[in-house]
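The values are calculated or read from the model by the stated rules, or taken from the named source; none is laboratory data. None of the values given here were measured: they were computed from a predicted structure. Neighbour counts are summed over all protein chains in view; Cβ atoms, including those assigned to glycine, are modelled from backbone coordinates with ideal geometry. To get the accessible areas, we keep the full protein, side chains included, count just its heavy atoms, and leave off ligands, DNA and RNA. Shrake-Rupley method; radii C 1.70, N 1.55, O 1.52, S 1.80 Å.
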Amino acid sequence: MSALDHIGVVGGGAWGTALACLARRAGRRVTLWSRDPAVSRAIAAERRNEIYLPGQSLDAGIEAVADLSALAACDAILLVCPAQALRGVARDLPGTSPVVICAKGIEASTGLLMPEVLAEALPGRAIAMLSGPSFAEEAVQGLPTAVSIATHDADLGRDLAGALAAGMFRPYWIDDVTGVSLGGAVKNVLAIAAGIVEGRGLGHNAAAALITRGFAEMARLGLAMGANLETLTGLSGLGDLVLTCHGPLSRNRSLGAALGRGASLADYLQGRRQVVEGAATAPAVLARAAKLGIEMPICTAVDAILHRGADLDEAIRGLLARPLRREGT
């Protein structure tokens, strides 16, 4: 039995709500805080989160609170907020318990991975990173889902896995924090490219090539940053890349598909509550890669289309016109 019996969840979006449900199924006491008081009230009163997880009944044992200080006594806190908001939210976290980052991205203003951001915001706090191929809607429905939990403390990783594992939800622990963090960030950018392939009607051959060459970019950057190839080919790297590039629930892929059909980024984002992390992550990934001298042509093309006014078809032709080279480089 895990010693982490009381789990706090910061974030009432789809994934935060799903993780709260999964922790309850694992027999944990769960306290969930949402920035939006309406979400907290709906979960407390109606056992529903129709904004982010419509149609899903939530466990009556989930305690929904409006005051972040209510999480001070938790044994571990799952930080489930947008990547670009992580620093600000982390600074307000109460208590001294371990923090599990469940956000995928790179901080746009600094180029830091999520654990690096948290280490600055909460120095000395025990940190873990949860990532992997996990659509909230499927996980909360009890469909088989596996994720990675990365932390330098093996005992903490084992305890977190034990605290969250239940039924069809299977966490694995690993010590490669950099690899798990990077995979979750880069795959969002590549999923936008995969969506463009779909929206432009470029075919299945192109989709397969995109994932393969996109993974090569992820691996080049990851290895240069000290990640392990085994991690990058695992759940939080290749596994999450495949899901996000192909899965119909992927917001990043959906954005790319809209771009491929002629929409603009502003058009797609208008009126949407959920964050599309890849849009903010693209320039941050490239800034980090540039410092290390790593070439990432697909991510560069995505950034140019999103933020630099590049013509979509010209960007595609530019990728295909690159000099021929030996595979693996």
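Here is how the numbers come out for the structure above:
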quantity: Meets criteria (buried (at least 23 other Cβ atoms within 10 Å of the Cβ), at positive phi and of a type outside the set (Phe, Trp, Tyr)) for Gly11; calculated: yes
quantity: Glu120 being within 19 Å of Gly157 (Cβ to Cβ) and either of a type in the set (Asp, Glu) or open to solvent by less than 40 Å² (accessible area, probe 1.4 Å) (or both); calculated: no
quantity: Residue that is under 26 Å from Pro144 (Cβ atoms) and either in contact with a Ser or Thr (Cβ under 7 Å, 6 or more places away or on another chain) or at pLDDT below 95 (or both), where the choices are Leu53, Leu78; calculated: Leu53
quantity: Exclusive hit being out of contact with any strand residue (DSSP E or B) (no Cβ under 6 Å at 6 or more places or on another chain) and at positive phi, set Gly179, Gly167; calculated: Gly167
quantity: Selection count where residues are over 19 Å from Ala136 (Cα atoms) and of a type in the set (A, V, I, L, M), scope the stretch 152-185; calculated: 5
quantity: Single residue of Leu78, Leu86 found to be in a strand (DSSP E or B) and either among the hydrophobic types (A, V, I, L, M, F, W, C) or open to solvent by 20 Å² or more (accessible area, probe 1.4 Å) (or both); calculated: Leu78
quantity: Tally of residues being crowded, with 16+ Cβ neighbours inside 10 Å and of a type in the set (S, T, N, Q) across the stretch 58-75; calculated: 0
quantity: Check on Asp267, assigned to a helix (DSSP H, G or I) and at pLDDT below 95; calculated: yes
quantity: In the stretch 27-57, the residues that are closer than 14 Å to Glu137 by Cβ and either crowded, with 22+ Cβ neighbours inside 10 Å or of a type in the set (Ser, Thr, Tyr) (or both); calculated: Asn49, Tyr52, Leu53, Ser57
quantity: Matching residues in the stretch 178-213 - criterion: being surrounded by 24 or more Cβ atoms within 10 Å (Cβ to Cβ) and farther than 30 Å from Ser264 by Cα; calculated: Gly179, Val180
quantity: Hits in the stretch 257-286 - residues which are crowded, with 16+ Cβ neighbours inside 10 Å and more than 23 Å from Glu107 (Cβ to Cβ); calculated: Ala257, Ala258, Leu259, Gly260
quantity: Test: residue in the stretch 276-283 that is over 24 Å from Trp15 (Cβ atoms) and either in contact with a His (Cβ under 6 Å, 6 or more places away or on another chain) or in contact (Cβ under 8 Å) with a residue 24 or more places away in the chain (or both); calculated: no
quantity: Qualifying residue in the stretch 310-324 (condition: open to solvent by less than 30 Å² (accessible area, probe 1.4 Å), in contact with a Lys or Arg (Cβ under 9 Å, 6 or more places away or on another chain), part of a helix (DSSP H, G or I) and modelled with pLDDT of 95 or more); calculated: yes
quantity: Every residue from the stretch 123-155 that is under 23 Å from Gly226 (Cα atoms), open to solvent by less than 20 Å² (accessible area, probe 1.4 Å) and not in a strand (DSSP E or B); calculated: Gly132, Thr151
quantity: Close pairs from the stretch 214-234: first open to solvent by less than 50 Å² (accessible area, probe 1.4 Å), partner hydroxyl-bearing (Ser, Thr, Tyr) and in a helix (DSSP H, G or I), Cβ under 7 Å, at least 6 apart; calculated: Met225/Thr178; Ala227/Thr178
quantity: Filter pass, Ala282 being small (Gly, Ala, Ser), part of a helix (DSSP H, G or I) and over 21 Å from Gly203 (Cβ atoms); calculated: yes
quantity: Residue within the stretch 236-245 that is of a type in the set (A, V, I, L, M, F, W, C), assigned to a helix (DSSP H, G or I) and over 19 Å from the mean Cα position of the chain (by Cα) present; calculated: no
